[in-house]
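The values are calculated or read from the model by the stated rules, or taken from the named source; none is laboratory data. These numbers come from a predicted model, not from an experiment. Cβ placement follows ideal geometry from the backbone for every residue including glycine, while neighbour counts extend to all protein chains displayed.
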Amino acid sequence: MLSPSPVPSRTPSYATVLRTRHAARTFGAALLGRLSYGMVSLSLMLAVNASTGSYSVAGAVMALFGATSVFLSPARAAMIDRYGPRRVLPPMAGAYAVLLAALAHATWRPGASAFLLGALVAAAGACSPPLGPVMRTLWSGLVADRELLRRAYSLDGVAEELLFVSGPLLVGVVVKFASPAAGIAVSAALILAGTLALVSSPAVRGAGVAPSEDKATGPDDPPVGRRLLRVIGLRHAVLVTAAVGLCLGGLDLLVVAFTEQRHQGAGAVSWVLAALSAGSAVGGLAYGAVSWRASNRARLPLLAAGLGAAVVGAGLSPSVYVLAALAAVAGLFVAPALTTAYLIADESVGAGSRTQAGAWVNTAVNAGASVGAAAVGLLVDRLPPAVCFAVAAVPALLCAAVVARGAVVRGPVDRGETARGAVSRS
């Protein structure tokens, strides 16, 4: 059972996190760059649709962008772990910004070639800098105390949630005065400015290159990414966050179907999804402010189970108002679950693999969201809404049970534990 531990005389706070030397500057620069990701998806979709006049082309382009961005994230993170953020991030961000600028130019007027747009977005997605995983790795270096690190991760998660709420609002402002392609151009400027500001921070300059587990491998050893996934703690974190992504991806589509069946407008969808984001922000802040007795490994399956139970309850909602309230309850578990998964990833691997471990968690939740939306899309016209909500909740509930059983059998993971033979620390 989760219960707060006795509050120490000087409980670390969010203000303490931001007062840590170089933290505010580094975090602010990372958020500036990450705001680009809050804007770019909607900007791309609107610009491609306006330029080609085809929703199918816009959908295919977005799927291609998401696929290369998400599935190549661990490889980009591995480069940063091996060579350091100061050497890798500037050229990566520069290439990404140039490709976004080319996309803005190509979509500024009607008649863009679908083949050209597909090639540009695939290349852009492959180059997108993993600023989130990098910032979480930097938090580990900035904040030594584990309780303070949990607050830092909670703050990071809530801020990211707010970026993905405010980003589309900024796109709405941009398109009132200019072509949707202008939103892509703004995204390019944000990622370049934020990345350059980030690598100029003393926290990054002092980070250096940690000893990499990849350098100690023999010719017959599997790639480092595969070896990382043999680490029990990281594997559990990836499994649960993939399930959370599946649940959330299905939930977004189910909210649309629910409101359409009740002849509600698009505004109702916005309110329900806003309630989900607001619940996640509140849950993340509250979660980070409390000191828990239970370990991260024990908390993670409980948080996933709470999300699954809330989604099942949402399927029984008699009205949009009740659905919004239950979406807010579901949101209370989202940011805490992701924060805990990132903490487990951080403590399960060596310093030379932290960025890649965080990227695996990030990849899992994003890939899960894409698959969840596609899977629920096949069911929503064939099954009653309550059943679809329950199906969307199954991955979170099932993975929670699997991981909880593993945590009981193996016990808590400390910072030095890895799967035997999986990662060599030199």
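Among the residues of the stretch 168-186, write down those that are in contact with a Leu (Cβ under 6 Å, 6 or more places away or on another chain) and in a helix (DSSP H, G or I).
Within the stretch 168-186, 168, 171, 184 qualify.
Being under 18 Å from residue 249 (Cα atoms), of a type outside the set (A, V, I, L, M, F, W, C) and in contact with a Phe, Trp or Tyr (Cβ under 8 Å, 6 or more places away or on another chain): is that true of residue 283 here?
no
Taking the condition of being at pLDDT below 85, over 21 Å from residue 320 (Cβ atoms) and in a helix (DSSP H, G or I), how many residues in the stretch 256-295 meet it?
Total satisfying the criteria: 2.
Go through the residues of the stretch 112-120 one by one and say whether even a single one is under 30 Å from residue 338 (Cβ atoms) and in a helix (DSSP H, G or I). So that I can check it myself, show each step before the final result.
Initially, the stretch 112-120 is screened for residues under 30 Å from residue 338 (Cβ atoms), giving none.
There is no residue in the stretch 112-120 that is under 30 Å from residue 338 (Cβ atoms) and in a helix (DSSP H, G or I).
Residue 52 - would you say it is of a type in the set (Val, Ile, Thr) and at pLDDT 90 or above?
no
Mind checking whether some residue in the stretch 91-102 is crowded, with 19+ Cβ neighbours inside 10 Å, touching a Pro at 6+ places or on another chain (Cβ under 9 Å) and modelled with pLDDT under 95?
No, the stretch 91-102 contains no residue that is crowded, with 19+ Cβ neighbours inside 10 Å, touching a Pro at 6+ places or on another chain (Cβ under 9 Å) and modelled with pLDDT under 95.
Given the options 158, 175, 171, 165, name the one that is over 16 Å from residue 26 (Cβ atoms), within 12 Å of the chain's Cα centre (by Cα) and assigned by TED's automatic domain parsing to the domain that holds residue 98.
Exactly one residue qualifies, and that residue is 158.
Taking residue 316 as meeting all but one of (1) under 30 Å from residue 80 (Cα atoms); (2) outside any helix (DSSP H, G or I); (3) among the aliphatic types (A, V, I, L, M), write down the number of the exception.
Only one criterion in (1) under 30 Å from residue 80 (Cα atoms); (2) outside any helix (DSSP H, G or I); (3) among the aliphatic types (A, V, I, L, M) is unmet by residue 316, namely (1).
Would you tally the residues in the stretch 321-331 being surrounded by fewer than 24 Cβ atoms within 10 Å (Cβ to Cβ) and either within 15 Å of the chain's Cα centre (by Cα) or closer than 13 Å to residue 280 by Cβ (or both)? Even if it seems obvious, please write down each step before you answer.
Of the stretch 321-331, the ones surrounded by fewer than 24 Cβ atoms within 10 Å (Cβ to Cβ) are 321-322, 324-326, 328-329.
Now drop any that are not either within 15 Å of the chain's Cα centre (by Cα) or closer than 13 Å to residue 280 by Cβ (or both), which leaves 328-329.
Number satisfying all stated conditions: 2.
Would it be correct to say that residue 136 is touching a residue at least 12 places away in the same chain (Cβ under 8 Å), over 15 Å from the mean Cα position of the chain (by Cα), in a helix (DSSP H, G or I) and closer than 20 Å to residue 20 by Cα? Break it down stepwise before answering.
Working: touching a residue at least 12 places away in the same chain (Cβ under 8 Å): yes; over 15 Å from the mean Cα position of the chain (by Cα): no; in a helix (DSSP H, G or I): yes; closer than 20 Å to residue 20 by Cα: yes.
No: the conditions fail for residue 136.
Could you list all residues from the stretch 330-374 that are touching a Lys or Arg at 6+ places or on another chain (Cβ under 6 Å) and more than 19 Å from residue 160 (Cα to Cα)?
Answer for the stretch 330-374, where residues must be touching a Lys or Arg at 6+ places or on another chain (Cβ under 6 Å) and more than 19 Å from residue 160 (Cα to Cα): 347, 350.
Can you tell me which residue within the stretch 16-56, out of those that are among the hydroxyl-bearing types (Ser, Thr, Tyr) and within 30 Å of residue 289 (Cβ to Cβ), is surrounded by the most Cβ atoms within 10 Å (Cβ to Cβ)? Lay out the reasoning, then the answer.
Step one: filter the stretch 16-56 for residues among the hydroxyl-bearing types (Ser, Thr, Tyr), giving 16, 20, 26, 36-37, 41, 43, 51-52, 54-56.
Next, only the ones that are within 30 Å of residue 289 (Cβ to Cβ) stay: 16, 20, 26, 36-37.
On the way: 16: 17, 20: 19, 26: 25, 36: 29, 37: 20.
My answer is 36.
Just one of 66, 59 is out of contact with any Leu (no Cβ under 9 Å at 6 or more places or on another chain), modelled with pLDDT under 85 and crowded, with 17+ Cβ neighbours inside 10 Å; which is it?
It is 66.
Residues of the stretch 245-297 being among the charged types (D, E, K, R) and crowded, with 24+ Cβ neighbours inside 10 Å, which ones?
Within the stretch 245-297, just 297 meets the criteria.
Among the residues of the stretch 121-128, are any without any contact (Cβ under 8 Å) to a residue 60 or more places away in the chain, under 15 Å from residue 48 (Cβ atoms) and crowded, with 22+ Cβ neighbours inside 10 Å?
Yes: the stretch 121-128 contains one or more residues that are without any contact (Cβ under 8 Å) to a residue 60 or more places away in the chain, under 15 Å from residue 48 (Cβ atoms) and crowded, with 22+ Cβ neighbours inside 10 Å.
Residue 217 passes all but one of (1) among the β-branched types (Val, Ile, Thr); (2) surrounded by fewer than 18 Cβ atoms within 10 Å (Cβ to Cβ); (3) at pLDDT 80 or above; which number fails?
(3)
Tell me, which residue of the stretch 351-396 that is among the hydrophobic types (A, V, I, L, M, F, W, C) and not in a helix (DSSP H, G or I) is surrounded by the fewest Cβ atoms within 10 Å (Cβ to Cβ)?
383
Condition (residue is under 16 Å from residue 33 (Cβ atoms), assigned by TED's automatic domain parsing to the domain that holds residue 44 and of a type outside the set (S, T, N, Q)) applied to the stretch 69-78: is it met by at least one residue?
yes
How do the pairs read when you match residues in the stretch 310-324 that are over 21 Å from residue 394 (Cα atoms) with residues anywhere that are of a type in the set (Gly, Ala, Ser), using Cβ under 6 Å and keeping only pairs 6 or more apart or on different chains?
Partner pairs satisfying both residue conditions: 320/268.
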